[in-house]
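The values are calculated or read from the model by the stated rules, or taken from the named source; none is laboratory data. If you're wondering where the values come from, they're calculated on a predicted model, not measured in any experiment. Virtual Cβ from ideal backbone geometry, glycine too; neighbours counted across all protein chains shown.
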Amino acid sequence: MALNFRGPDAVPLTLQINGEAHQVLVEPRRTLLSVLREELGLTGTKRGCGQGQCGACTVILDGETAYACLTLAIECEGREIVTIEGIAQGDALHPVQAAFIQHDGYQCGFCTPGQVVSAVALLAHTPQPSEAEIRAGMAGNICRCGAYPAIIRSVRAAAETMAEQEG
Amino acid sequence: MPTIRRTKVEFEGRIEEREVIVEEEHVEGWTQDTQMRWVGRPLSRVDGVARVTGKAGYTHDVHLPGMLIGRFLRAKQPHARITGIDSRRAAALPGVHLIWHRFNLPPVAHLDGRELFGEELAYEGAEVAFVVGRDARAVGDALGAIEVEVEPLPFAPNLAAAAAEDGPAVLVGEDNWITPDGDIYARGSVEAGLREADVVVDLTFTTPTAAHCCMETHGSAADWEGDLLTVWHSTQSVFGTRSSLADALHLPMDKVRVISNYIGGGFGSKWGAEAFTLLAALAARELGRPVKAVLDREEEHLVAGYRPGSRQRVRLGATKDGALTLIEQEAEVTTGAYGGGGPVIGGPAKDLYLCPNVRTVVRAARANTDGARAFRAPGYVEGTFALESTLDALAHKLEMDPLDLRMKNYADESPSRGEPYTYKGLQRAYEMGAARFGWPPQADAPAAGPWRRGYGMASQIWGGGGGPPANAIVKLSPDGTAEVLVGVQDIGTGTKTVLAQVAAEELGLSLDAVRCVVGDSLPAPFGPGSGGSVTLASAAPAVRSACREALRQLIALAAIMLELEGADPDAFAVEAGDIVYRADPEKRLPLTQVTAKMGNYMIVSKGARGPNPDDKAINTFGAHFVEVAVNVETGQVRVERVVAAHDIGRVVNPLTATSQVYGGVLMGVGFATTEARVIDPDTGLQLTANLEDYKVPVMVDCPEIEVLFVDVADTAANSVGSKGLGEPPIIPTAAAIGNAIFDAVGVRVTDLPATPDRLLALLAKEKTQ
């Protein structure tokens with residue numbers, strides 16, 4: 001990999017987010033989380049800890065979940081970024097989102113964007129997860145309100161809905 | 001006409017007599033048999049879409065044109081005197097707009113009477129300077145460039161050090177004991193209780209200091225428009241914040257607007273304005289630009305409060321047949337350098353069981369940490385752990401079933417008040433929980449591997465009756481839609497949804513025709529803070545009252561349209577969206593047909609929460625049954641199954657209520673097994689100020705949880721028949737887990753959390769005995 005040193009002053013970046021190209025001018029030390037929230041107004045992705053411990057900032061990078069607080073924006077050039085704002089198609093909710101509403105898979109809702117994004121990524125990889133797979137796959141997302149039983153139920157219900165839609 | 005009355009309101013274990021203005025439109029209470037269209041149904045939240053799409057706007061998400069970021073530089077020592085600050089280099093950095101500290105800011109009254117930027121820094125994280133800059137980077141760079149000179153002072157990081165003879169002073173010139181004699185409750189006599197006892201159990205306990213760990217850290221944003229201050233504040237009390245800000249800034253109350261639309265967790269730690277709120281408001285006024293100040297995760301652990309750790313001793317006496325003759329509970333806590341007198345740890349001891357001789361004492365000392373705060377059932381969680389563990393030990397000593405022992409000492413009326421309850425469904429909760437769980441447990445087959453299985457249970461009592469004052473305003477539009485304004489806030493419990501259900505029920509409208517506005521002090525009339533599990537029981541009757549008044553106005557219009565002008569409003573009922581003349585049900589009009597007659601006009605009505613019944617205690621009750629597995633080789637404890645049965649009166653929404661129970665159980669699991677704030681005794685610095693070292697439960701730690709509600713309307717409590725639920729489900733969890741561990745491996749966990757190292761030590765000690 002060719003080393004490409006830039007900075008420390010702001011540098012232009014193009015980020016592909018939810019299918020749309022965004023040009024930003026930011027310092028290389030900026031995290032993806034701070035660019036999403038502060039430069040682009042995409043505040044659905046939350047900052048719970050800023051240390052990769054809580055999962056509230058979970059986004060999907062090239063199909064894999066990532067903590068946006070531990071990811072530098074400059075690392076994301078040329079990669080597909082999906083945030084909570086890109087999960088629904090217009091007004092049509094993703095089955096995971098609909099299931100969270102139906103099963104009350106939240107309380108205060110602050111960790112919910114990260115939970116939803118993790119669940120969407122989990123089901124993309126593992127369309128019919130066992131309960132153990134759900135628990136392991138979602139273990140990186142803390143919910144201090146303790147909605148876990150309802151989240152597990154939501155993820156299962158979404159898997160069923162998606163299987164029906166596929167079939 | 002409004003009148004003034006005295007009424008009793010219980011809040012977090014303390015009974016207050018309040019003088020309240022009573023103006024309640026008389027509303028007939030909903031009975032157990034009232035047919036309900038919206039209340040009692042497991043409905044999804046009205047704001048669900050905003051929550052799952054990321055559109056729900058929290059205080060963290062507030063972004064205003066020209067907004068600057070503020071942050072504190074904080075003390076890095078547990079105790080020091082500040083002698084100098086040089087901020088010149090920091091102030092010269094790009095993007096820095098303002099730096100305030102004790103040598104350049106004229107003294108401003110601190111909140112709670114404490115001077116801001118004082119000379120003495122009495123805990124790690126104490127405010128040293130406030131920097132406002134263009135963004136988090138500029139502010140962070142400046143914080144690192146401020147030079148601070150301090151003179152270290154001796155410190156007491158924990159109870160042992162604070163309570164030691166000749167120990168260091170936590171605050172210069174102040175006694176380390178805040179309540180040296182303690183908060184005492186007593187009835188009967190300890191001597192008599194011991195004399196009458198055939199059996200005495202005497203145990204000592206310690207419980208950990210527990211952190212709230214709100215997912216949204218504390219924070220505020222402030223903006224001035226002329227002399228009107230608008231503050232977005234992640235708070236459990238918009239009106240509490242309004243009054244504390246107006247007080248600290250010497251502003252008229254009507255010039256302060258507090259908004260808290262979505263709150264990312266509070267659990268007792270988010271009340272009024274805080275130092276960062278005050279400084280954000282002052283800096284915004286100084287700079288003429290909005291300022292946002294939110295804590296980062298480390299600060300959240302250092303300065304946003306905690307449940308104080310406790311040392312406790314419980315002594316229980318009983319006759320051979322299990323009648324309690326004595327409950328004695330002594331507790332000591334540290335509530336920080338500027339903390340208060342400590343939580344009501346003795347609350348459950350004085351009220352959970354029939355016992356003639358009860359004595360409880362709570363003594364509070366200072367320590368060089370930030371102040372303790374209310375944390376979900378303050379006092380009752382730690383008090384119940386010790387009390388219900390000791391009761392379990394007593395049951396074993398008496399060779400009685402623990403549930404039978406509890407029923408033997410069942411209190412039909414409030415033991416501390418000597419008054420009847422409005423309703424007590426604890427026995428029913430026991431029966432429901434025992435039936436679902438399978439209690440008494442059957443003996444397990446002998447274990448083959450290292451895992452041992454055990455079963456335990458514990459009870460809970462809490463307030464949650466709520467009371468006045470609480471108001472509501474209803475605006476009914478010509479198209480038959482209603483806006484309900486209430487000065488409470490939805491901290492995640494579903495308040496917005498359940499109040500909309502109550503309004504739709506009373507007005508005879510469909511749920512989607514009702515919009516409930518909470519979390520904004522400007523449009524809403526007064527509402528209480530979300531603490532003590534009082535929100536629903538306080539606000540829902542006010543909503544009913546306002547809706548009833550709107551209906552009276554509508555009925556007057558309908559009477560004219562039905563050519564029944566002047567008829568008694570009570571002669572009409574609302575059924576399935578129609579206003580119906582009771583004497584002749586053929587005479588009916590759809591409600592929307594009446595509102596359509598209004599033209600471009602609005603019916604506006606107001607309502608208020610009435611007083612609580614005289615001479616009756618309002619309480620919530622519950623019982624948890626727990627199954628654990630304990631690994632005798634590794635000491636690991638797995639909480640596998642919890643059956644939680646609760647009496648909270650009428651359940652308005654079983655879906656959101658169940659979520660609250662999940663949350664309480666999970667927090668109890670964390671408290672019992674993994675959570676503990678650790679302060680290094682040598683340096684006085686916190687070692688667990690993050691979410692990795694302070695371990696809260698994640699999904700793999702989650703037991704199977706079954707939730708049961710007695711669901712009998714408490715019609716004597718208030719017009720809705722509901723009581724609160726936020727706090728009850730955390731209360732008995734840790735004790736039930738400890739009792740299950742004893743059942744599994746025969747050792748009594750008296751020090752929480754029950755970590756593997758502690759379990760192994762207990763098992764090793766048991767072996768050698």
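Of all the criteria given as (1) crowded, with 17+ Cβ neighbours inside 10 Å; (2) of a type in the set (A, V, I, L, M); (3) within 12 Å of another protein chain (Cβ to nearest Cβ), the one not satisfied by residue A:92 is (1). Right, residue B:137: surrounded by fewer than 24 Cβ atoms within 10 Å (Cβ to Cβ), among the charged types (D, E, K, R) and in the same structural domain as residue B:80 (by TED's automatic domain parsing) or not? For residue B:137, the condition - surrounded by fewer than 24 Cβ atoms within 10 Å (Cβ to Cβ), among the charged types (D, E, K, R) and in the same structural domain as residue B:80 (by TED's automatic domain parsing) - is met.
From the list B:407, B:457, the one residue that fits, being more than 22 Å from the chain's Cα centre (by Cα), surrounded by 16 or more Cβ atoms within 10 Å (Cβ to Cβ), under 26 Å from residue B:749 (Cα atoms) and at pLDDT 95 or above, is B:457. In contact with a helix residue (DSSP H, G or I) (Cβ under 6 Å, 6 or more places away or on another chain), part of a helix (DSSP H, G or I) and of a type in the set (Val, Ile, Thr): does that describe residue B:651? So residue B:651 fails the test. For the stretch B:27-82, the set of residues classified as within 14 Å of another protein chain (Cβ to nearest Cβ) and within 30 Å of residue B:685 (Cα to Cα) consists of B:59, B:60, B:69, B:71, listed by residue number.
Of the residues making up the stretch A:34-57, those that are within 8 Å of another protein chain (Cβ to nearest Cβ), among the small types (Gly, Ala, Ser) and in a loop (DSSP other than H, G, I, E, B) are A:41, A:44, A:48, A:50, A:56. Screening residue B:267 against (1) away from chain A (no Cβ under 14 Å); (2) surrounded by 24 or more Cβ atoms within 10 Å (Cβ to Cβ); (3) aromatic (Phe, Trp, Tyr) leaves a single unmet condition, (1).
A quick yes/no check of all residues on (1) facing chain A (nearest Cβ under 10 Å); (2) of a type in the set (Lys, Arg); (3) part of a loop (DSSP other than H, G, I, E, B); (4) surrounded by fewer than 19 Cβ atoms within 10 Å (Cβ to Cβ):
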residue	(1), (2), (3), (4)
B:635	no, no, yes, no
B:638	no, yes, no, yes
B:643	no, no, no, no
B:659	yes, no, no, no
B:663	yes, no, no, no
B:668	yes, no, no, no
B:681	no, no, yes, yes
B:689	no, no, yes, no
B:692	yes, no, yes, yes
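Per the listing B:169, B:192, the residue uniquely part of a helix (DSSP H, G or I), surrounded by 13 or more Cβ atoms within 10 Å (Cβ to Cβ) and outside the structural domain of residue B:328 (by TED's automatic domain parsing) is B:192. Taken together, the criteria exclude residue A:73 from residues that are more than 12 Å from chain B (Cβ to nearest Cβ), within 19 Å of residue B:295 (Cα to Cα) and surrounded by 19 or more Cβ atoms within 10 Å (Cβ to Cβ).
Listed here are the residues, each with its yes/no results for (1) part of a loop (DSSP other than H, G, I, E, B); (2) buried (at least 17 other Cβ atoms within 10 Å of the Cβ); (3) of a type in the set (Gly, Ala, Ser); (4) not assigned by TED's automatic domain parsing to the domain that holds residue B:274.
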| residue | (1), (2), (3), (4) |
| --- | --- |
| B:43 | yes, yes, no, yes |
| B:46 | yes, yes, no, yes |
| B:51 | no, yes, no, yes |
| B:72 | no, yes, no, no |
| B:78 | yes, yes, no, no |
| B:81 | no, no, no, no |
| B:85 | no, yes, no, no |
| B:98 | no, yes, no, no |
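Is it the case, given these coordinates, that residue B:325 is farther than 29 Å from residue B:175 by Cβ and either part of a loop (DSSP other than H, G, I, E, B) or modelled with pLDDT of 95 or more (or both)? Yes, satisfied. Every condition in (1) in a helix (DSSP H, G or I); (2) more than 10 Å from chain A (Cβ to nearest Cβ); (3) of a type in the set (S, T, N, Q) holds for residue B:715 except the one numbered (1). For the stretch A:125-153, residues that are charged (D, E, K, R) and either over 21 Å from residue B:643 (Cα atoms) or facing chain B (nearest Cβ under 9 Å) (or both) total 3.
Return yes when residue B:202 is surrounded by 14 or more Cβ atoms within 10 Å (Cβ to Cβ) and either touching a residue at least 40 places away in the same chain (Cβ under 8 Å) or within 29 Å of residue B:531 (Cβ to Cβ) (or both) and no when it is not. Spelling it out, it is not the case that residue B:202 is surrounded by 14 or more Cβ atoms within 10 Å (Cβ to Cβ) and either touching a residue at least 40 places away in the same chain (Cβ under 8 Å) or within 29 Å of residue B:531 (Cβ to Cβ) (or both).
Checked against the criterion of being under 12 Å from residue B:665 (Cβ atoms) and either away from chain A (no Cβ under 12 Å) or surrounded by fewer than 24 Cβ atoms within 10 Å (Cβ to Cβ) (or both), the candidates B:698, B:720, B:707 yield just one match: B:707. The test for being of a type outside the set (Asp, Glu), crowded, with 23+ Cβ neighbours inside 10 Å, in a helix (DSSP H, G or I) and away from chain A (no Cβ under 14 Å) does not hold for residue B:754. Residues that are touching a helix residue (DSSP H, G or I) at 6+ places or on another chain (Cβ under 8 Å) and surrounded by 15 or more Cβ atoms within 10 Å (Cβ to Cβ) were ranked within the stretch B:100-112; the one that is modelled with the highest pLDDT is B:100. For the stretch B:213-261, no strands (runs of 3 or more DSSP E) sit wholly inside it while including 2 or more residues that are modelled with pLDDT under 95. Any chance the stretch A:15-32 includes a residue that's in contact with a Lys or Arg (Cβ under 9 Å, 6 or more places away or on another chain), in a helix (DSSP H, G or I) and outside the structural domain of residue A:117 (by TED's automatic domain parsing)? Scanning the stretch A:15-32, I find no residue that is in contact with a Lys or Arg (Cβ under 9 Å, 6 or more places away or on another chain), in a helix (DSSP H, G or I) and outside the structural domain of residue A:117 (by TED's automatic domain parsing), so the answer is no. Considering the stretch A:90-127, and only residues there that are among the polar types (S, T, N, Q) and touching a residue at least 12 places away in the same chain (Cβ under 8 Å), the residue that is farthest from residue A:19 (Cα to Cα) turns out to be A:107.
Consider the stretch B:394-442. How many of its residues are in a helix (DSSP H, G or I) and either of a type outside the set (A, V, I, L, M, F, W, C) or not assigned by TED's automatic domain parsing to the domain that holds residue B:746 (or both)? Talk me through it step by step, then tell me what you get.
Pass one, the stretch B:394-442, residues in a helix (DSSP H, G or I): B:394-398, B:402-408, B:426-437.
Adding the requirement that they be either of a type outside the set (A, V, I, L, M, F, W, C) or not assigned by TED's automatic domain parsing to the domain that holds residue B:746 (or both) leaves B:396-397, B:402, B:404, B:406, B:408, B:427-428, B:430-431, B:433, B:436.
Counting residues in the stretch B:394-442 that are in a helix (DSSP H, G or I) and either of a type outside the set (A, V, I, L, M, F, W, C) or not assigned by TED's automatic domain parsing to the domain that holds residue B:746 (or both) gives 12.
Taking the criterion of being exposed (fewer than 15 other Cβ atoms within 10 Å of the Cβ), modelled with pLDDT under 95 and assigned to a loop (DSSP other than H, G, I, E, B), would at least one residue in the stretch B:117-125 satisfy it? Yes, some residue in the stretch B:117-125 is exposed (fewer than 15 other Cβ atoms within 10 Å of the Cβ), modelled with pLDDT under 95 and assigned to a loop (DSSP other than H, G, I, E, B).
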